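Just so it is clear, none of the values below were taken in a lab; they were calculated from the coordinates. None of the values given here were measured: they were computed from a predicted structure. Reconstructed Cβ throughout: ideal geometry from the backbone, glycine too, with neighbour counts over all protein chains shown.
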Amino acid sequence: MIRGWGLFVGVPQIRSANGVTPLNPKALKVALAICGIACAIALGGVFLPWSAVEKLAGLFGPAPLPEGPVVEYWFRLACAALGLSGVFFLLLARDPLRYEPLLGLFFVGLVCLVMGTLIFVLWRRTVQKR
């Protein structure tokens, strides 16, 4: 038996010498595909006209969206981030065992750290322009 790092960083997983992992690849593939499709739908929000976004937002609550370019920027940024993570999940769903190291929390945490830093820098620029 070979000890390796499994689906999550910090969770050791036992593998046999022939590389077979106890992870169910079909279930993982389906789960990644479902999550990928659900998240990738958000890419449409990047390209929607703002009037359509306001109409869609009206379906979910009585209060209108706040006005201003910052709201539109944050909406499109959130849609892009969520949509690209969906594309990432769809790529992983093609062969989850091959990309198993990318499924770890370390990679997700690294992506969140980069996106958080980017959002903070862009926010600071917006605040300084006022």
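Net length available on complete extension from residue 48 to residue 73 is 7.8 nm, with 0.36 nm assigned per residue and the Cα-Cα distance removed.
The order of 46, 30, going from fewest to most other C-beta atoms within 10 Å of their C-beta, is 30, 46.
By the count of other C-beta atoms within 10 Å, a proxy for reagent exposure, 99, 73 are ordered fewest to most as 73, 99.
Ordered by the count of other Cβ atoms within 10 Å of each Cβ, fewest first, 100, 54 give 54, 100.
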